[in-house]
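The values are calculated or read from the model by the stated rules, or taken from the named source; none is laboratory data. Bear in mind that the values here come from a model prediction, so they are computed numbers and not experimental data. Because the Cβ atoms are built from the backbone with ideal geometry, glycine has one as well, and the counts that use them run over all protein chains shown. Surface areas here come from the heavy atoms of the whole protein model, side chains and all, with no ligands, DNA or RNA. Shrake-Rupley method; radii C 1.70, N 1.55, O 1.52, S 1.80 Å.
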Amino acid sequence: MANPICTPKSHHRTLFFHPLSPSSPSPRRHFCPSLSLLPRNPPPLSNPLLNSNPFVPFLHPPPSSRAPMAAAAAASSSPPRVRSSLIEPDGGELVDLVVPAAERAARRAEAAALPRVPAGAVDVEWAHVLAEGWASPLRGFMREREYLESLHFNSMRLPHGPRVNMSLPIVLAIADDVKLSIGDSPHVALQGPSGNIFAILRSIEIYKHNKEERIARTWGTTAPGLPYVEEFIIPAGDWLIGGDLEVLEPIKYNDGLDHYRLSPKELRTEFDRRKADAVFAFQLRNPVHNGHALLMNDTRRRLLEMGYKNPILLLHPLGGFTKADDVPLPVRMEQHSKVLEDGVLDPETTIVAIFPSPMHYAGPTEVQWHAKARINAGANFYIVGRDPAGMSHPTEKRDLYDPDHGKKVLSMAPGLEKLNILPFRVQSKRC
C-alpha cells in the first residue's frame, strides 16, 4: 500500500532526482534529500533550516515516534485498494466524445445533411485528443469564453468548482467562405482531409481569430519560424468555431501504430490490471538514450524506497505533429520497443503508449498541457527534463526559453496541484 505521506491531497510537491551514474559506487549520493519534497504553498515555518520541508519528519521519523505513528495509521486506514483513481481526472470523470456504436448510423445520416467545415490533419489530431478525454473536462473545440480563459489564465473554471489547467487553446479555425456557408445552422459536420465526415460540432459559436494575440500569448514571441505557427496558424482562417464535439467513430491512422494509441480510459484499465499504486509518466519526442533509461529506472527505485509497492512507468512519446527535424514517430516507436525487448526497461513495469497530441514547441506554456493530459491518463507523477517542449530560437543562436523554467512553472501552475512533479536535473536532450 502506498505511503499516505507521499500522496498528500493538500500539497503539490516537486521531487528532484539526479540520474544514476553507471560508475557511481553509491547511488544514494545522487539523491538530494533536502530537495526531495517541495510543497506548493508551504505554511509559515519557525525554523527554516530544520523545517524547510514539512514532510521531512514523516519521511525520516525519529525512532521514538515510529510506533505511535504506525498505530495511528493502522487504526485510521481503510483496507488497501488498487484502482485507476490514483489521481482523479480533471472535472471528476473522463470525457468520452465518441458516439456509441448503436447510434453511429443515425448520426452519420444527420451529419450528411449539415453544413461542412473542412478539418486538416492537425485538426483531426486535436479531435482525437478531445474525443478520448485527454483534455477533460473540455467537451469540444473551444468557444470564445473557454478560449480567453485558456489564453489569458492558462486554465478554465469548472461550473461548480475550482480551476483546471488548460494552458493551450484547442481551437478550430475557418475561413470567411466557410463561415458564410454555415449561415444560421446551429450544428456543423467536420470533414477530414480525405473528404470523410468524421464528427459533428453542436451548438456552435463563431468568433474572431486574432492570430497575433494567440501567437504572442502562447509562445511569448511573434518571431518568424515557429513550426506550429508557420504550418497551422498563419495559413488558417480568420475565424474560430467552437462547440460540443461528437466523433462518429474512434479515430485511427492505419499506420501500424494504432495498437500503441491507448486512450486515458484504456491506460487506467491497464494500470488497474497491473495493480499499480503509483504511475510515473515520461514524455519523449526523441529516442530513449542511456541517460533517459537510467533516470526512469532510478525513479522507480526511489518510489519503491518511498514506500510504493508497484510503481508503473508510462513511457509516453508524443505522436501528433512534430517539426521536420525531429525523429519520425515510427522510428521512435521501433526504438522504444527494442528498449523493452532488450530489457533496458522492464516490460512488466513499463507501458509504452502514444500520446496523440500535436506539438507546439511552446516551452513552459505547453509543458503544463503535457502534464495535465497525463493526469487524465491516470499518472500521479510526471518526469520533466531540461527545456521541456522547447526549441532553439528561430532567428537567434540561443534557446527560445530558459531551460529551467518548464520545471519551475510546473511546480506552481494552477490546476496541477494534485500532480507530483519529478524534475530531472541533468539532461542533455529536450523532452
Would you mind telling me which numbered condition in (1) more than 16 Å from L284 (Cα to Cα); (2) open to solvent by less than 30 Å² (accessible area, probe 1.4 Å); (3) in a loop (DSSP other than H, G, I, E, B); (4) not hydrophobic (A, V, I, L, M, F, W, C) G343 fails?
-> (2)
Search region 220-232 for residues that are open to solvent by 70 Å² or more (accessible area, probe 1.4 Å) and pair each with any residue that is not charged (D, E, K, R) and not in a helix (DSSP H, G or I) when their beta-carbon atoms are under 7 Å apart and the residues are at least 6 apart or on different chains.
-> P224/P394; P224/T395
Among the residues of region 193-219, how many are of a type outside the set (D, E) and within 25 Å of the chain's Cα centre (by Cα)?
-> 10
Checking G242, G256 in turn, the sole residue that is in contact (Cβ under 8 Å) with a residue 24 or more places away in the chain and open to solvent by 20 Å² or more (accessible area, probe 1.4 Å) turns out to be G256
Are there any pairs, at least 6 apart or on different chains, whose C-beta atoms fall under 8 Å, with the first in region 193-205 and closer than 23 Å to D238 by Cα and the second hydroxyl-bearing (S, T, Y), and if so, which?
-> I204/S185
Subset of region 242-266, residues under 18 Å from P317 (Cα atoms) and among the small types (G, A, S), comes to G256, S263
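Looking only at region 383-427, count every residue that is hydroxyl-bearing (S, T, Y), in contact (Cβ under 8 Å) with a residue 40 or more places away in the chain and touching a strand residue (DSSP E or B) at 6+ places or on another chain (Cβ under 9 Å) and tell me the total. So that I can check it myself, show each step before the final result.
Step one: list which residues in region 383-427 are hydroxyl-bearing (S, T, Y), which gives 392, 395, 401, 411.
Remaining after also requiring in contact (Cβ under 8 Å) with a residue 40 or more places away in the chain: 395, 401, 411.
Add one more test, that the residue is touching a strand residue (DSSP E or B) at 6+ places or on another chain (Cβ under 9 Å), and what stays is 411.
Adding up the residues that qualify gives 1.
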Residue match in region 358-380 (condition: open to solvent by 20 Å² or more (accessible area, probe 1.4 Å), outside the structural domain of L138 (by the TED database) and part of a loop (DSSP other than H, G, I, E, B)) | no
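Among the candidates M391, M296, which residue alone is more than 28 Å from R139 (Cα to Cα), open to solvent by less than 10 Å² (accessible area, probe 1.4 Å) and in contact with a Leu (Cβ under 6 Å, 6 or more places away or on another chain)? Break it down stepwise before answering.
Values: M391 fails: open to solvent by less than 10 Å² (accessible area, probe 1.4 Å).
Exactly one residue qualifies, and that residue is M296.
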